[in-house]
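The values are calculated or read from the model by the stated rules, or taken from the named source; none is laboratory data. Every value quoted in this text rests on a predicted model; they were computed, and no experiment measured them. Don't worry about glycine lacking a Cβ; one is built from the backbone with ideal geometry, like all the others, and counts go over all protein chains shown.
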Amino acid sequence: MTPAVQALMAANVGVYFLQMLVGPDMTGIFGLVPLRISKNLWLWQMVSYLFLHGSAMHLFFNLFALWMFGRVVEANWGAREFLKYYFITGLGAALLSVATSPFSPVPVIGASGAVYGLLVAFAMLYPDATIYLYFLIPMSARQLAILFGVIEFVSIPSSPGIARFAHLGGMITGFVYLRWWWKARIYGKHWLGEMWSSMKNAGASSALKRGKPRFRRPSRAEKKDDVTMEEVDHILDKILVKGIDSLTDREREIMRQYSSRHKG
């Protein structure tokens, strides 16, 4: 159990028991009511609805999917990036729900939008991983994500009591975030790092030409083994953008030293 998934599961269970104590009023205040968003700007509902559920079975299936997909995604990204993605997909699910029925007084509740976003993330991380649908039918993660997306889209007219647009919103937001925005951010970070390195090198060369060499005191990490977190971050970004085969021998040696330092 990864820490962020554990915290989310505990929060969902705790809020469900609070719902049982408070009653329906809690759903009206903290569930996603499109009319309240568009008319009264109750914007907190676009996050709080993720922690409310309509029944124990509703809660169970969302927590099961959160555990199944979320712990793997968090293990890959870390808790901070995982939580950011979780709430971004939950927000995307809320936005699509409000956009498609802005004056609906019916509350939308549940973590399903964010959970469907996690399914997309898992499928993009491990597209060929085998998942047993209903514990019986083997499918790849990519096939499962596509199947669920098609089911949600086709079922929109026939199941008004289920927040199909929230599910689709979570999936679409997750796909766009991972396919374009995240990649663009990595490219941007990599480009800025390259530009900053070039500027530093140009400044050092200029100082040498003027006969004024520039010196700096090495950090503790550099004193220890000449491997800094700045270098490691730069190499990790390069791997994400260009692949591990793009590393030079020097960069591979840096990663080997870093791995040895943090072994265990």
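Within segment 58-100, the only residue that satisfies the criterion of being of a type in the set (Lys, Arg) and under 17 Å from TYR126 (Cβ atoms) is ARG71.
Scan segment 33-51 residue by residue and report those that are without any contact (Cβ under 8 Å) to a residue 40 or more places away in the chain and in a loop (DSSP other than H, G, I, E, B). Matches in segment 33-51: LEU41, TRP42, LEU43, TRP44. Filtering segment 52-91 to residues that are outside any helix (DSSP H, G or I) and among the polar types (S, T, N, Q) leaves only SER55.
Looking at segment 7-32 only, could you name the residues that are without any contact (Cβ under 8 Å) to a residue 40 or more places away in the chain and either more than 12 Å from LEU59 (Cβ to Cβ) or under 22 Å from the mean Cα position of the chain (by Cα) (or both)?
Filtering segment 7-32 for residues without any contact (Cβ under 8 Å) to a residue 40 or more places away in the chain gives 7, 10, 14-15, 17-26, 29-30.
Listed by number, the residues that qualify are ALA7, ALA10, LEU18, LEU21, VAL22, GLY23, PRO24, ASP25, MET26, ILE29, PHE30.
In this structure, does GLY161 turn out to be closer than 26 Å to SER48 by Cα, surrounded by 12 or more Cβ atoms within 10 Å (Cβ to Cβ), assigned by TED's automatic domain parsing to the domain that holds PHE60 and not hydrophobic (A, V, I, L, M, F, W, C)? Considered against the rule, which asks whether it is closer than 26 Å to SER48 by Cα, surrounded by 12 or more Cβ atoms within 10 Å (Cβ to Cβ), assigned by TED's automatic domain parsing to the domain that holds PHE60 and not hydrophobic (A, V, I, L, M, F, W, C), GLY161 comes out as no.
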